[in-house]
Each structure stands twice: as structure tokens, then as C-alpha cells.
1. Find the residue count for region 98-114, including only residues that are in contact (Cβ under 8 Å) with a residue 40 or more places away in the chain and over 18 Å from ASP151 (Cβ atoms).
2. Check TYR88, TYR93 and return the single one that is surrounded by fewer than 19 Cβ atoms within 10 Å (Cβ to Cβ) and either more than 23 Å from the chain's Cα centre (by Cα) or among the aromatic types (Phe, Trp, Tyr) (or both).
3. Enumerate the helices (runs of 4 or more DSSP H) found wholly within region 1-94, keeping only those where 2 or more residues are within 26 Å of ILE140 (Cα to Cα), of a type in the set (A, V, I, L, M, F, W, C) and assigned by TED's automatic domain parsing to the domain that holds ASP138.
4. Taking region 185-200, which residues are modelled with pLDDT of 90 or more and either of a type in the set (Lys, Arg) or part of a loop (DSSP other than H, G, I, E, B) (or both)?
5. Going by the conditions given, is ILE131 modelled with pLDDT of 90 or more, farther than 21 Å from ALA14 by Cβ and in contact with a strand residue (DSSP E or B) (Cβ under 7 Å, 6 or more places away or on another chain)?
6. Taking region 222-249 on its own, how many of its residues are crowded, with 24+ Cβ neighbours inside 10 Å and over 18 Å from LEU48 (Cβ atoms)?
7. In region 324-336, is there at least one residue being in contact (Cβ under 8 Å) with a residue 12 or more places away in the chain and either within 21 Å of VAL219 (Cα to Cα) or assigned to a strand (DSSP E or B) (or both)?
8. Within region 156-164, can one find any residue that is modelled with pLDDT of 90 or more, among the polar types (S, T, N, Q) and either under 24 Å from ARG248 (Cβ atoms) or surrounded by 14 or more Cβ atoms within 10 Å (Cβ to Cβ) (or both)?
Amino acid sequence: MAKSKKIVVKIGSALLANSERLTPRYGFIQRLMEDIARLRSQGHEVILCSSGAVALGMKVVGVEPGKAGLTDKQAAAACGMPQLLNAYKQVGYEFDFEIAQILLTLGDFEDHRRFLNTKNTVHRLLQSKIIPIVNENDSITTEEIRVGDNDRLAAKIAQMVQADDFVILTTIDGLYDRNPDDPDARLVEEVSDVSEYLQATVGKTTLGTGGMLTKLQAVNMAQNAGCTGWIADGDADRPISSILSGKRRGTKCLPNPEPASVWDTWLADRLQMAGHLVIADEAVATLGSRHIHRDDVLSMDGDYTRGDVLHIYDSEGVERARGLTDFTSEETRVMIANPDLPADQLLGYQTHAEIIRSNNLVALADHHLTWDAPEEESGQRRVVPLEDDPLG
């Protein structure tokens, strides 16, 4: 028997919901669950990260997908989630499956304690042969606290459980070297550096929230954790096993041969930027070998608390590292605005003024996709998150 694997599968809304009637596509769900049964019989563990709740709830709420606002989507998620879980459960009965629902928000990934709690829950479900079905809790999240897309949410789950394979099932048969509407576009069957194809990621589905850009972000996160990423069309008889076995077309994203530790991966692959620091070039040269001290900081931005992860830039606006801050943004501002006064006197308690300690800092390597660099605007440095990239 082949080595048993942990497999995380992300399923797009367009595969789960009929685009015209906004009802569950039971034929697809049947093929999916049958394939999962086949994989489980071979000793593999499968975790589903499923979109579809918002799309299925649109009909109940009475709003068209293209016209839905945030409140409409929240209400649709509340209506659609029972439909989605019922569809999985009804089909799962045929294969004697038990399923469990895990609804997450951004904070469950960004706060390390909540991250570990979620990890423990997933592992306990797998021990009991229960299929975890993970989704963002869209019924309560706002734009400020959303993960934003289930592609990256699924990638964080893959990192969390140290999955062997991360499969994104969508409505296109993989990554193309340019817009697939171009008659000269070619399928990229295998890729190591996904950053080479960012310019080919324009477009997204009507029902989904992400396009190919979020899928490349997601597989890059999986690669960093030593996980093999796959992007493939989900409409197949054996949607998961056929792509893993190489029996049909798709894009295979090779894992980093020297993956980072679980801690460094959690630090490096963020879903939202809490804030950033611009540090002196002398400090950049020694990243990883010493702490980032308040004297190293040229400027900062963001409203963050202790334990948030900050993005670290050099003076030219190139992102160099990410690390866990020991201070709030208010404390940091006070310290760097008054460099001649002792930090103890400014803050009212004893401190060495080490903003980020070296063991809580990870330097970015070439295989990391970086966020947009700080830009000048009205004399202030700001950061444009990758979610706001015009390609998205």
C-alpha cells in the first residue's frame, strides 16, 4: 500500500452551486464523496475546505450574486450553510461518512493560540475518521476581519495539519501561461516558482470571491510548508485521485524541498497585514542573527497589539522579513519618536526596547510571494495589501 497522506481539498463555489438555479450540484458532490471514500480506503486522510454557502443562500435571500452587498452575503451564508452541510451529509450517508463543520474567522489563523486550538480540533476529528468540512464564518465576518477567500483559508489548513497534498478544484483545468481566453495560451503542467505567472491571473468566477491570483497565493503558501499543490478542474469522475495520480490534466506546484518549520511558516504566511516597520539597511544586513531594536526603525505604520505579526521593509521599500512584535503600535510610536529618552522611562516598565526578537523573526526567501511595497502618499509611507492588487 502506498504511504498514507493528509490531503486538503478546496472546492470552489461554481462546482457546488448551479449558477442559474443556485441549488446544490448533487452529481458533483456524489462523485466527490465517492472519490474520498476511495482515498480513505487506501489509508489517506481528507479535509475539505468548501465554498458554496453564500452562493446557495442567494436564492433564499432573494438577491442576484452580482448585486449582493456585504449584508446580503452574510444573510446568504446563514441560509446556505445548512443546505451545503445537508447535501454533504445526505450523500455521505451512502459511504457511511460522518462529517463535521468548522467555521473560522481571520482571528483563528492570526492568533497563535486559536490557531493551535483549531489544529487540535481537526486532528481529533481525523482520529475519529470524521471528515472536517472547513469554511469561513461568512455570516458574521465583516470586510475588516475576513480571510477574504477560501483558497488561502484552505492553504492555511494545509499548513496547519502539515498536509502532503493541497488540491484546489475549480472550473478550469489549471494555470495557464496567459489569460486562457487567448488562443495561444498553454497549460502550465508543472511549476516551482508561481511568481513567474502572476501576470496571467486576471479574472474570477461569478460565484466565487477569488480568481487565479488567490490560487497562486494559496499554493505558494502550501509550497512553503513542503506541501505539493495542485490546481485542476473538479468536473471529473474521480476529481481528487485522478489528479494526484497524474491521469488527467492539471497544474502541479512543486513543494519547497527545504520547508520552513511550522512556527516560521505561521509567521511568514499571513492573511492580513497588522502593520509594518521600515528598518535601516544596517539592520537588514543582520536579519535573523539579532533582534530588531527601536533604534533600527526608520518609520512604522498600522494599529497593532502585542503578538501581531509585522511586515519588515528596507529603506528601498522591499519586504525583507516578518516577525512577532513585543509592543503595541502606540508603544512603538512613543519609543521611535523619542530616541534620546530611555524606553523604561517612556513606557513605565523595564524593557530592552527589542521590537521583534530574533526567534520570532523570519527572513523572506525567494520562494515567498511578497506583499506590495510601501508607497509615498502625502508624505506618509503606506502599504497596499496584495488583496487590493488590480490583478485580483
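The values are calculated or read from the model by the stated rules, or taken from the named source; none is laboratory data. Just so you know, these numbers come straight off a predicted model, no measurement behind them. Heads up, the Cβs are rebuilt from the backbone with ideal geometry, glycines too, and the neighbour counts pull from every protein chain shown.
1. Going through region 98-114, the residues in contact (Cβ under 8 Å) with a residue 40 or more places away in the chain turn out to be 104-106, 109-112.
From what is left, the residues that are over 18 Å from ASP151 (Cβ atoms) are 111-112.
So the count comes out to 2.
2. Values: TYR88 fails: surrounded by fewer than 19 Cβ atoms within 10 Å (Cβ to Cβ).
TYR93 is the lone residue from the list that is surrounded by fewer than 19 Cβ atoms within 10 Å (Cβ to Cβ) and either more than 23 Å from the chain's Cα centre (by Cα) or among the aromatic types (Phe, Trp, Tyr) (or both).
3. Details: elements: 13-16, 26-41, 53-61, 70-94.
Fully inside region 1-94 and qualifying: 13-16, 53-61, 70-94.
4. Start the filter on region 185-200 by keeping residues that are modelled with pLDDT of 90 or more, which leaves 186-192.
If the condition is that a residue be modelled with pLDDT of 90 or more and either of a type in the set (Lys, Arg) or part of a loop (DSSP other than H, G, I, E, B) (or both), then ARG186, VAL188, GLU189, SER192 are the ones that fit.
5. Details: modelled with pLDDT of 90 or more: yes; farther than 21 Å from ALA14 by Cβ: yes; in contact with a strand residue (DSSP E or B) (Cβ under 7 Å, 6 or more places away or on another chain): yes.
Taking the combined requirement at face value, the residue satisfies it.
6. The total comes to 2.
7. Residues of region 324-336 in contact (Cβ under 8 Å) with a residue 12 or more places away in the chain: 324-329, 331-336.
Of the ones still in play, those that are also either within 21 Å of VAL219 (Cα to Cα) or assigned to a strand (DSSP E or B) (or both) are 324.
Yes - at least one qualifying residue is present in region 324-336.
8. Here is the first cut: in region 156-164, the residues modelled with pLDDT of 90 or more are 156-164.
Imposing the further condition that a residue be among the polar types (S, T, N, Q) reduces the set to 159, 162.
Now restrict to residues that are either under 24 Å from ARG248 (Cβ atoms) or surrounded by 14 or more Cβ atoms within 10 Å (Cβ to Cβ) (or both): 159, 162.
Among the residues of region 156-164, at least one is modelled with pLDDT of 90 or more, among the polar types (S, T, N, Q) and either under 24 Å from ARG248 (Cβ atoms) or surrounded by 14 or more Cβ atoms within 10 Å (Cβ to Cβ) (or both), which makes the answer yes.
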